[in-house]
Amino acid sequence: MDVELRAVHDSDLPVFFRQLNDPEALRMAAFTPEDPADRAAFDAHWRRLRSSSDVLRAILADGDVVGSAAVYGEPGEREVTYWVDRAYWGRGVATAALRRLLAEVPERPLYARAAADNEGSLRVLAKCGFRVTARARAFAQARGAEIEEYVLHLDG
């Protein structure tokens, strides 16, 4: 499967919104918007993101938009994040996309966070060189409870 990144287009946003409202993906991601079905809030969020200096990319697999990836935050504290359509889980798409994003954004350190039970995301991050450096507890909106999360770190 050919995995590429490109700038986010307006036409990607309905795809991202649909992906954000997949109940199984929401549960796995855990740390999500308060109301993922609020389209106005979603649109406002993406307007803010697209006007920032953050690095935002659409993930394409064989030419189809299948998710998004980003690096955001203040220098020295920047984090990576990604979302891949559930139909593409376990097929190497997230790993390939994150590797491309890391090549595009050479600054280090970079951080990531994942629910402690999100084994798929933790595997992706480990394959890309991230190492767990801390554990924390935080409220996971999609689960309606405080859960354990891992903080991961990638050095140069």
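For the stretch 76-84, indicate whether the set of residues that are of a type in the set (G, A, S), touching a strand residue (DSSP E or B) at 6+ places or on another chain (Cβ under 9 Å) and over 23 Å from F17 (Cα atoms) is non-empty. Quick ask: steps written out before the conclusion?
Applying the first criterion (of a type in the set (G, A, S)) to the stretch 76-84 yields 76.
From the residues that got through so far, the ones that are touching a strand residue (DSSP E or B) at 6+ places or on another chain (Cβ under 9 Å) too are none.
For the stretch 76-84, residues of a type in the set (G, A, S), touching a strand residue (DSSP E or B) at 6+ places or on another chain (Cβ under 9 Å) and over 23 Å from F17 (Cα atoms): absent.
What single numbered condition from (1) in contact with a helix residue (DSSP H, G or I) (Cβ under 6 Å, 6 or more places away or on another chain); (2) within 21 Å of G76 (Cβ to Cβ) fails to hold for L125?
So L125 meets the others, but not (1).
Working carefully through the options T32, T81, find the one that is of a type in the set (S, T, N, Q), open to solvent by 20 Å² or more (accessible area, probe 1.4 Å) and in contact with a Phe, Trp or Tyr (Cβ under 9 Å, 6 or more places away or on another chain). Can you show your working first?
Details: T32 fails: in contact with a Phe, Trp or Tyr (Cβ under 9 Å, 6 or more places away or on another chain).
Just a single option satisfies the conditions, and that option is T81.
Among what's in the stretch 85-101 and is in contact with a strand residue (DSSP E or B) (Cβ under 9 Å, 6 or more places away or on another chain) and in contact (Cβ under 8 Å) with a residue 40 or more places away in the chain, pick the residue that is farthest from R27 (Cα to Cα).
So the residue we want is R100.
Can you tell me how many residues within the stretch 119-144 are open to solvent by 80 Å² or more (accessible area, probe 1.4 Å) and part of a helix (DSSP H, G or I)?
Counting residues in the stretch 119-144 that are open to solvent by 80 Å² or more (accessible area, probe 1.4 Å) and part of a helix (DSSP H, G or I) gives 3.
Among residues belonging to the stretch 96-118 that are farther than 28 Å from A37 by Cβ and hydrophobic (A, V, I, L, M, F, W, C), point out the one that is surrounded by the fewest Cβ atoms within 10 Å (Cβ to Cβ).
We begin by selecting, within the stretch 96-118, every residue farther than 28 Å from A37 by Cβ; these are 96, 99-100, 102-111.
Among the residues that remain, those that are also hydrophobic (A, V, I, L, M, F, W, C) are: 96, 102-103, 105, 110.
Details: A96: 20, L102: 19, A103: 9, V105: 16, L110: 24.
So the residue we want is A103.
Looking at (1) touching a residue at least 40 places away in the same chain (Cβ under 8 Å); (2) surrounded by fewer than 11 Cβ atoms within 10 Å (Cβ to Cβ); (3) within 22 Å of V151 (Cα to Cα), find the lone condition where D2 falls short.
(3)
The values are calculated or read from the model by the stated rules, or taken from the named source; none is laboratory data. What you see is a predicted model; the values in this text were computed from it and never measured. A quick note on method: Cβ atoms are made from the backbone with ideal geometry, for glycine too, and the neighbour counts reach across all protein chains shown. We work out accessible area using only protein heavy atoms, side chains counted, and drop any ligands, DNA or RNA first. Shrake-Rupley method; radii C 1.70, N 1.55, O 1.52, S 1.80 Å.
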